[in-house]
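A short worksheet on the structure shown next.
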Amino acid sequence: MSRLFFHCRNERGAAGLELAMLAPLFLCILLGFSELHQYLRALSIVERTAFSIGDMVAQRPSLHDSNSPSDSSNIGVYWQAAAVSAQPLDMAENGMVVITVVNDGGVAKPKIAWQRSAPGWKSKATTQISAAKPLPAGFPFYARDNTVVVEVMYTFTPFQALALFLPKDKLPTTELYRRVYFRPRFNDLDTFE
């Protein structure tokens, strides 16, 4: 008799109960993949921006120390190019670009010839290049060498959905940072025209 009762029991609602138990897990997995995608996309944009700006600067035969984007020789063109290249990230609000040129100073020892960062951008990020050690250990640098270093920094805020419940200054952030090195292709860029 108990065997007959086992086969005839009512299972209505079991699927609903299983769904109620597993739905939060599936939702967490879905949100996790969404956040992972947002992070990897932002990291890829920061890397691409650093590479693009470094390549553009290295291709210039000369540079002018002007923040105006009216002439392609002005350093200001690269701040605008970085903001456009990094879209949809808001670099002017949460990012920073620093361009540094390292030369040998006549003694085959690397030293910073000049360094500029995007003016008027709200980020407080600063360069991680020190005057004492402007290039990493083992970097091939010889007499009369010249190297363009571009740093791109961006403050990434994960879990944007939390902005509905928390004030913006309480949201967690992580700093994305990429640095690229290029040799100038035509002329040394250790001085401005």
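The values are calculated or read from the model by the stated rules, or taken from the named source; none is laboratory data. Keep in mind it's a predicted model, so treat the numbers as computed, not measured. Positions of Cβ are backbone-derived with ideal geometry, glycine not excepted, and every protein chain shown enters the neighbour counts. Protein only, heavy atoms only, side chains kept; ligands, DNA and RNA dropped before computing areas. Shrake-Rupley method; radii C 1.70, N 1.55, O 1.52, S 1.80 Å.
Largest first, the residues GLU18, GLU193 sort by 1.4 Å accessible area into GLU193, GLU18. What the phi angles of region 145-158 give under the Karplus curve with 6.51, -1.76 and 1.60, with θ = phi - 60°, is a coupling list of 7, 8, 9, 9, 10, 10, 10, 10, 10, 8, 8, 8, 10, x Hz, glycine and proline written as x. Using the Cβ-Cβ distance between ALA15 and PHE159 with R0 set to 25 Å, the FRET efficiency works out to roughly 0.20.
Between PHE139 and ARG41, residue separation times 0.36 nm minus the direct Cα-Cα distance comes to 32.4 nm. Label points 7 Å out from Cα along the Cβ direction at GLN115 and SER34: separation in nm? Each label point is offset 7 Å from its Cα along the Cβ direction, giving 4.0 nm.
For the pair LEU22 and THR126, a Förster radius of 35 Å applied to the C-beta separation gives a FRET efficiency near 0.15, rounded to the nearest 0.05. Computed with every protein chain present, the accessible area of ILE29 is close to 80 Å² [probe 1.4 Å].
Spherically averaged projected area of the convex hull of Cα atoms, the chain: 18.1 nm². On full extension, the segment bounded by TYR181 and GLU193 gains 2.1 nm, given 0.36 nm per residue less the C-alpha separation. Helix 76-85 and the long axis of the chain differ in direction by around 20°, with both axes built from C-alpha atoms. Compared with the dominant principal axis of the Cα atoms in the chain, helix 14-58 is inclined by about 10°.
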